[in-house]
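Engineer: What follows is a single structure, and I will ask about it in a moment.
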């Protein structure tokens, strides 16, 4: 087993605090590597990693692939749309065929919540969750955490506001589990019908007033509004959403305070966030992207590097 307490990295809900801190500490080391002229280390030479994506993804998939290559592992990319799954092959058969190729780790994104837990029953390889439906996106949660940690030199007591469609967001859930565990305070904000019922039981506060949230928070993490949900009647219109919940320059200027702005991407500029906010000095969105590579290098290394001990 690697240097983490669990063989797989499936969630932040049940991950021990010590594991999360170890991932953050190790990610800082890999950030230094990414600043070097030669951005590659031989840590996972000879290890085989497959990226198994059953949903479209650009940012997460590229980030994982870059992290794997920076660690010198062998990388195989699998796309469900061009696989035998489209010909009727079962998920179990596909996965077992991939495993027969002697993969050391599987990075999987799948639209079904809990699918990564099923995957661990089919393979002996390390499994890393790259997003399972509306459940969790733990590596995104970790990159958000290190981005805040880097800005405030820690997470204890930092006030984090999460704005948007909390109900359908795996990013929000991983943020909640991870940040609460590390001592941060969280307040959620969004349309009432897009805030989960009884979500306060997870240790968070809720407000429906974005200005109240901005006045309270040290950091705001602005979630992407999924335009496809507008057809379901969940979001009446872009204009109305922007008026009530959009992070605009005027809104931030009115509060006359320093606040860190984050976004997991991809952004809908002019909807949940304005371009002049996203491109401002307050925003650390591009730094989140770099931290995403470093934190995924950290997780892969801690799970797969030979000679690591608990």
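None of the figures in this text is laboratory data; all of them are computed from the coordinates on show. Everything numeric in this text was worked out from a predicted model, so none of it was measured. Because the Cβ atoms are built from the backbone with ideal geometry, glycine has one as well, and the counts that use them run over all protein chains shown.
Engineer: Anyone know which of 165, 19, 144 comes out most mobile in the 10 Å Cα GNM of the chain?
Structural biologist: Evaluated over the chain, the most mobile residue of the options is 19.
Engineer: Build a GNM of the chain with springs between Cα atoms under 10 Å: which of 142, 297, 103 gets the top mean-square fluctuation?
Structural biologist: Between 142, 297, 103, it is 103 that shows the largest mean-square fluctuation.
Engineer: What distance in nm separates the two pseudo spin-label positions at residue 238 and residue 152, each 7 Å out from Cα along the beta-carbon direction?
Structural biologist: Taking the simple label geometry, residue 238 and residue 152 are separated by 3.3 nm.
Engineer: Could you tell me the distance between the Cα centroids of segment 130-144 and segment 269-298, to the nearest Å?
Structural biologist: 16
Engineer: State whether segment 99-193 is rounded, prolate or oblate according to the following rule on the C-alpha gyration tensor (a ≥ b ≥ c being the square roots of its eigenvalues): a/c under 1.5 gives rounded; otherwise a/b larger than b/c gives prolate, and the remaining case gives oblate. Please list the in-between numbers first.
Structural biologist: Values: a/c = 3.38, a/b = 1.68, b/c = 2.01.
It is oblate, given that a/c is not under 1.5 and a/b is not larger than b/c.
Engineer: Let me ask something else about it. Can you compute the modelled spin-label distance between residue 112 and residue 32, with each label point 7 Å from Cα toward Cβ, in nm?
Structural biologist: 4.4
Engineer: Once fully extended, how much extra length lies between residue 209 and residue 282, figured as 0.36 nm per residue of separation less the alpha-carbon to alpha-carbon distance?
Structural biologist: Working: separation 73, 0.36 × 73 = 26.28 nm, distance 2.10 nm.
Computed gain between residue 209 and residue 282 is 24.2 nm.
Engineer: Can you sort 139, 58, 187 by how many other beta carbons sit within 10 Å, fewest first?
Structural biologist: Working: 139 27, 58 9, 187 18.
By the 10 Å Cβ count, ascending: 58, 187, 139.
Engineer: While we're on this one: Which of 48, 205, 97 moves most in a GNM of the chain, Cα contacts under 10 Å?
Structural biologist: Comparing 48, 205, 97 in the GNM, the peak value goes to 97.
Engineer: Explain nothing, just the number: relative contact order of the chain, from Cα pairs under 8 Å at least 6 residues apart, as a whole percent. Kindly include the intermediate steps, with their values, before the conclusion.
Structural biologist: Details: 576 pairs, mean separation 71.6, N = 310.
Relative CO of the chain lands at 23 percent.
Engineer: Moving on. Report relative contact order for segment 138-288 in percent, whole number only (criteria: Cα-Cα under 8 Å, sequence separation at least 6). Present the calculation step by step, with values, prior to reporting the outcome.
Structural biologist: Working: 258 pairs, mean separation 35.5, N = 151.
About 23 percent, as a whole number.
Engineer: I would also like to ask the following. How large is the helix-only mean residue ellipticity at 222 nm for the chain, computed as the sum of -39500 (n - 2.57) over DSSP H runs with n ≥ 4, divided by its residue count, in deg cm²/dmol to the nearest 500? Intermediate results must be reported in sequence, preceding the final value.
Structural biologist: Details: 11 runs with 120 residues, N = 310.
The helix-only estimate for the chain comes to -11500 deg cm²/dmol at 222 nm.
Engineer: Does segment 176-310 classify as rounded, prolate or oblate by the C-alpha gyration tensor (a ≥ b ≥ c root eigenvalues; a/c under 1.5 gives rounded; else a/b over b/c gives prolate, otherwise oblate)? Don't jump to the answer; show the numbers that get you there.
Structural biologist: Numbers: a/c = 1.73, a/b = 1.56, b/c = 1.11.
Note, shape of segment 176-310 comes out prolate.
Engineer: Note down the nm distance, to one decimal, between modelled labels 7 Å out along Cα→Cβ at residue 198 and at residue 56.
Structural biologist: About 3.6 nm, to one decimal.
Engineer: Based only on other Cβ atoms within 10 Å, what is the fewest-to-most ordering of 150, 272? Don't skip to the end; give the middle numbers.
Structural biologist: Working: 150 16, 272 23.
Taking fewest neighbouring Cβ atoms as first place, the list is 150, 272.
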